[in-house]
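**Student:** Here you go, one structure.
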Amino acid sequence: MELLSHPGDALEWCAAQRARGASVGFVPTMGALHEGHLELVRRAARENDLVVVSVFVNPLQFNDPRDLERYPRDLEGDAALVASAGGSMLFTGTLEQFFPDVTFEEGRFPPARLADPGPCAEGLEGEARPGHFAGVATIVERLFQIVRPDHAYFGAKDYQQCLVVQDLAGCWGGLEVVVCPTVREPEGLARSSRNQLLDPTSRERALALSRGLFQARDAWSAGERDPERLAALVAEQVQAAGLELEYAAVRDPERWSASTPTWPLERAVALVAARAGAVRLIDNLELSEVSAQLPPAASGTPTPAL
Ligand code: AMP
């Protein structure tokens, strides 16, 4: 596997591969890779001639400087994992290298150069993390310019991010965004690079996110359709575990809305964000796709669940 430390080299490498007719699958990440990321890489390897992975802890999408500072980093370990999962090239770079055409003002990225993340950035994550999705859209747009992939793979764990990226990819003819199921620990906790920052007590508490989501899904299966009551089931679990709840909410997967849908729901997704000490965790579960999503406890293996 090729390891490139400059986005300019990555652009040349990708252009050369495309010129010889190879199809390219792309997996953008912030590194500290785990099974969730590797599933994206494996799927990309099955569906494309080549798999390109980016590892870049994008400062533009962190609204909390402490979160950025604490974010785990392990490029060497990541490269070994990507190679073992079928990756062809991994690249990284600095913010300045990704944006050589941008004049940084006193070391700061000019707000006028941030991309518009569109309407799906409104509400929930967009509200809890001001500026986050503008930062995501800005780097994803640049990564697409560098790689020009045929397929780009994203995880359903970052539900709202997938919506923002799908909107953005609409401007890229021929690019298909593939949303892959959330990979969970056997106990239900969604895999996340931030999980390694959890001490054993916080990790135990963090199980409340998926527990709450599974309870909401059970309630949906039993006929509950009130989004507020479904969200309250998630909130109760999270708060009872002693986590600091940021939001628990239900949305319509057919149509994003910043606030709770007021129309009758035929499908529903529950989304949650909470803090275990300094560690911020998010998760979500589509409540209306029961057959495809047995809870991990029932199947005994880490269950992909949207
Ligand atoms: P990140 O490194 O957190 O920016 O994530 C890179 C990509 O991996 C994003 O598309 C995430 O949604 C995806 N991802 C992260 N965690 C998981 C997971 N547990 N299951 C599936 N995809 C994931």
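The values are calculated or read from the model by the stated rules, or taken from the named source; none is laboratory data. Owing to the predicted nature of the structure, the values given are computational and were not obtained by experimental measurement. Cβ coordinates were reconstructed from backbone atoms using ideal geometry, including for glycine residues, and neighbour counts include every protein chain displayed.
**Student:** Need pairs with beta-carbon distance below 9 Å; first residue more than 28 Å from Val147 (Cβ to Cβ) and within the stretch 175-187, second small (Gly, Ala, Ser) and surrounded by fewer than 18 Cβ atoms within 10 Å (Cβ to Cβ); sequence gap 6+ or separate chains.
**Tutor:** If the second residue must be small (Gly, Ala, Ser) and surrounded by fewer than 18 Cβ atoms within 10 Å (Cβ to Cβ), the pairs left are Pro186/Ala297; Pro186/Gly300; Glu187/Ala297.
**Student:** For the stretch 249-292, which positions are touching a helix residue (DSSP H, G or I) at 6+ places or on another chain (Cβ under 7 Å) and among the polar types (S, T, N, Q)?
**Tutor:** Result: Thr260, Asn284, Ser288.
**Student:** May I ask you to verify whether Arg66 is surrounded by fewer than 17 Cβ atoms within 10 Å (Cβ to Cβ) and assigned to a loop (DSSP other than H, G, I, E, B)? Talk me through it step by step, then tell me what you get.
**Tutor:** Working: surrounded by fewer than 17 Cβ atoms within 10 Å (Cβ to Cβ): yes; assigned to a loop (DSSP other than H, G, I, E, B): no.
Here the answer is no, as Arg66 does not meet what is asked.
**Student:** Consider Val250 against the criteria (1) closer than 27 Å to Arg70 by Cα; (2) under 19 Å from the mean Cα position of the chain (by Cα); (3) among the β-branched types (Val, Ile, Thr): it satisfies all of them except one. Which criterion is unmet?
**Tutor:** (1)
**Student:** Additional query: Would you say Leu114 is within 16 Å of the ligand (Cβ to nearest atom) and touching a residue at least 24 places away in the same chain (Cβ under 8 Å)?
**Tutor:** On the way: within 16 Å of the ligand (Cβ to nearest atom): no; touching a residue at least 24 places away in the same chain (Cβ under 8 Å): yes.
Spelling it out, it is not the case that Leu114 is within 16 Å of the ligand (Cβ to nearest atom) and touching a residue at least 24 places away in the same chain (Cβ under 8 Å).
**Student:** For the stretch 181-209, which positions are away from the ligand (no atom under 11 Å from the Cβ), assigned to a helix (DSSP H, G or I) and in contact with a helix residue (DSSP H, G or I) (Cβ under 8 Å, 6 or more places away or on another chain)?
**Tutor:** Leu197, Arg203, Ala206, Ala208, Leu209
**Student:** If you don't mind, there's one more thing I want to ask. I'd like the full set of residues that are more than 9 Å from the ligand (Cβ to nearest atom), closer than 20 Å to Ile139 by Cα and outside any strand (DSSP E or B), limited to the stretch 24-43.
**Tutor:** Val41
**Student:** Between a first residue in the stretch 44-62 that is more than 14 Å from Ala85 (Cα to Cα) and a second residue that is among the acidic types (Asp, Glu) and crowded, with 20+ Cβ neighbours inside 10 Å, which pairs have beta carbons less than 9 Å apart while being 6 or more apart in sequence or on different chains?
**Tutor:** Val55/Asp78
**Student:** Right, something else. Filter the stretch 1-39 down to the residues that are among the aromatic types (Phe, Trp, Tyr) and in contact with an Asp or Glu (Cβ under 8 Å, 6 or more places away or on another chain) and list them by number.
**Tutor:** If we filter the stretch 1-39 for residues that are among the aromatic types (Phe, Trp, Tyr), which is where we start, we get 13, 26.
Scanning the stretch 1-39 gives a single hit, Trp13.
**Student:** Among the numbered criteria (1) touching a residue at least 40 places away in the same chain (Cβ under 8 Å); (2) more than 13 Å from the ligand (Cβ to nearest atom), which single criterion is violated by Ala16?
**Tutor:** With respect to (1) touching a residue at least 40 places away in the same chain (Cβ under 8 Å); (2) more than 13 Å from the ligand (Cβ to nearest atom), Ala16 is out only on (1).
**Student:** For Arg225, are the conditions met, namely being away from the ligand (no atom under 16 Å from the Cβ), in contact (Cβ under 8 Å) with a residue 12 or more places away in the chain and not in a helix (DSSP H, G or I)? Walk me through how you get there before you give the answer.
**Tutor:** Details: away from the ligand (no atom under 16 Å from the Cβ): yes; in contact (Cβ under 8 Å) with a residue 12 or more places away in the chain: yes; not in a helix (DSSP H, G or I): yes.
Spelling it out, Arg225 is indeed away from the ligand (no atom under 16 Å from the Cβ), in contact (Cβ under 8 Å) with a residue 12 or more places away in the chain and not in a helix (DSSP H, G or I).
**Student:** Follow-up. Checking the structure you have, find out if any residue of the stretch 171-178 is of a type in the set (Asp, Glu), buried (at least 18 other Cβ atoms within 10 Å of the Cβ) and modelled with pLDDT of 95 or more. Quick ask: steps written out before the conclusion?
**Tutor:** Narrowing the stretch 171-178 to residues of a type in the set (Asp, Glu): 176.
From what's left, buried (at least 18 other Cβ atoms within 10 Å of the Cβ): none.
No, the stretch 171-178 contains no residue that is of a type in the set (Asp, Glu), buried (at least 18 other Cβ atoms within 10 Å of the Cβ) and modelled with pLDDT of 95 or more.
To keep it simple, each residue is scored yes or no on (1) touching a Pro at 6+ places or on another chain (Cβ under 8 Å); (2) free of Cβ contacts under 8 Å to residues at least 12 places away in the same chain; (3) under 16 Å from Ala44 (Cβ atoms); (4) within 15 Å of the ligand (Cβ to nearest atom).
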residue: Gln97; (1), (2), (3), (4): yes, no, no, no
residue: Glu106; (1), (2), (3), (4): no, yes, no, no
residue: Glu122; (1), (2), (3), (4): no, no, no, no
residue: Pro130; (1), (2), (3), (4): no, no, no, no
residue: Arg148; (1), (2), (3), (4): no, no, yes, no
residue: Val165; (1), (2), (3), (4): no, no, yes, yes
